[in-house]
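**Student:** Below are the structure tokens for one structure; questions will follow.
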Amino acid sequence: MQYKIIFSDIDGTLLNRDRVLSPSTIDTLKQVKEKLPVVLISARMPAAMRHLQQDLEIEDQPIISYNGGLILINGKPVSSTEIPFATLAGLSAFNKEINCHLSLYHNDEWYVPQHDRWAAREENNTRVSPEIKPNAEVLVKWKSENKSAHKIMAMGTEAEIDAIRDFLQKEYPDQLHLYRSKPTYLEIANKEISKFTAIRYLLDNHFNLTPKDCIAFGDNYNDVEMINGVGMGVAVANARREVLEVANVVTDAGTEDGVATSLKKLFKL
């Protein structure tokens, strides 16, 4: 089959142990991008993806951020799906007793309640600096601007994350995607979207292609639907079992240039 577009997750999939693009990955993707579009798709905010686009010289391509919650073309939002504001407010009120770290994201805005170890870790991983503002103040600001969060990242002890997960599942059972990448992290997004819904949006409205035309790379729970839905779903070796089970192909680990290795084989580079 002649594939016509590539979508790749970032963290756990595309980056090396230093959480940057390796020279081999950059070189391979630069060769491939001359043949077909390469689109980055991530739970990250757009600002944490643009430097990677620049490294790969694909700034002219769309960005899918927040697990599909925000799609940008030429820097402009073409699809935006936020968490309902009432849900955000309910979580903020519940969290006053727990005081778990809640990072709040909207497009290129990233607010943290204080610059703690959680904020420092994310800042180091993404090369983006947050703005310090208590959650309650962010809610007042966003309510006046008629907007809400594209993503909430809860970071804390396993018990704190358990409590937030249980609260959200009980109070908003059909509203949210809850992605727990590790015991101390919980990514929260609107249940209406996923990476695959975002891919379908771009295929229908921008590229005029079908899912069968796509290659997609991923490693985590939020990649399962995408890997299962495209023509060639590729899991890196370090992927979650659920991803490995639906992938068409398993390549080397993300930290060992698995994406580059797979593309070199597919395109005989």
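Read-outs throughout are calculated quantities, based only on the coordinates presented, and are distinct from any laboratory measurement. This structure is a prediction, so every number in the text was calculated from the model and none was measured. Here the Cβ positions follow ideal geometry from the backbone for every residue, glycine too, while neighbour counts run over all protein chains shown.
**Student:** Would you report the distance distribution of C-alpha pairs in region 85-190 as whole percents per 10 angstrom bin, up to the bin with the largest distance?
**Tutor:** Percent of Cα pairs in each bin: 15, 52, 31, 2.
**Student:** How long are the three semi-axes of the equivalent ellipsoid for region 20-149, computed from the Cα gyration tensor as the root of 5 times each eigenvalue, in whole Å, largest first?
**Tutor:** 32, 17, 10
**Student:** Still on this model: Give the aspartates and glutamates reachable from residue 96 as a straight Cα distance under 19 Å; neighbours fewer than 8 places away on the same chain don't count.
**Tutor:** 116, 137, 158, 160, 162, 166, 171, 187
**Student:** Further, regarding this structure: Would you order 27, 9, 60, 213 from fewest to most other beta-carbon atoms within 10 Å of each residue's own beta-carbon?
**Tutor:** Least crowded to most crowded, the residues run 60, 27, 213, 9.
**Student:** Please give me the summed charge of the neighbours of residue 159: other residues whose Cβ is under 15 Å from its Cβ, Lys and Arg +1, Asp and Glu -1.
**Tutor:** -2
**Student:** Right, next: Quick one: angle between helix 117-126 and the longest Cα principal axis of the chain, in degrees between 0 and 90, rounded to 10, please.
**Tutor:** Tilt relative to the chain: about 30 degrees.
**Student:** Which percent, nearest 5, of DSSP beta bridges in region 100-187 are antiparallel?
**Tutor:** Here the antiparallel bridges make up roughly 85 percent for region 100-187.
**Student:** Quick one: order 25, 184 by neighbouring beta-carbon count within 10 Å, fewest to most.
**Tutor:** Least to most surrounded, the residues fall as 184, 25.
**Student:** Which log10 I(q)/I(0) values, to two decimals, does the chain give at q = 0.09, 0.15 Å⁻¹ under the Debye formula with one point per Cα?
**Tutor:** Cα-only, vacuum Debye calculation for the chain: -0.39, -1.09.
**Student:** Sort 144, 65, 181, 262 by Cβ crowding within 10 Å, fewest neighbours at the top.
**Tutor:** 144, 181, 262, 65
**Student:** What is the distance in Å between the Cα centres of region 15-83 and region 165-216?
**Tutor:** 17
**Student:** Now, a different point. Compute the long axis of helix 23-32 from its Cα atoms, compare it with the longest principal axis of the Cα atoms of the chain, and write down the angle in degrees, 0 to 90, nearest 10.
**Tutor:** 70
**Student:** Below 8 Å between Cα atoms, with a sequence gap of 6+, how large is the relative contact order for region 85-190 in percent?
**Tutor:** Answer for region 85-190 is 28 percent.
**Student:** For residue 143 and residue 174, FRET efficiency with R0 = 30 Å and r from the beta-carbon atoms, rounded to 0.05?
**Tutor:** The computed FRET efficiency comes out at 0.80.
**Student:** So, one more: With runs of 4+ DSSP H residues as the only contributors, calculate the mean residue ellipticity of the chain at 222 nm using -39,500 (n - 2.57) per run, divided by the residue total and rounded to the nearest 500.
**Tutor:** Mean residue ellipticity at 222 nm (helix-derived): -10000 deg cm²/dmol.
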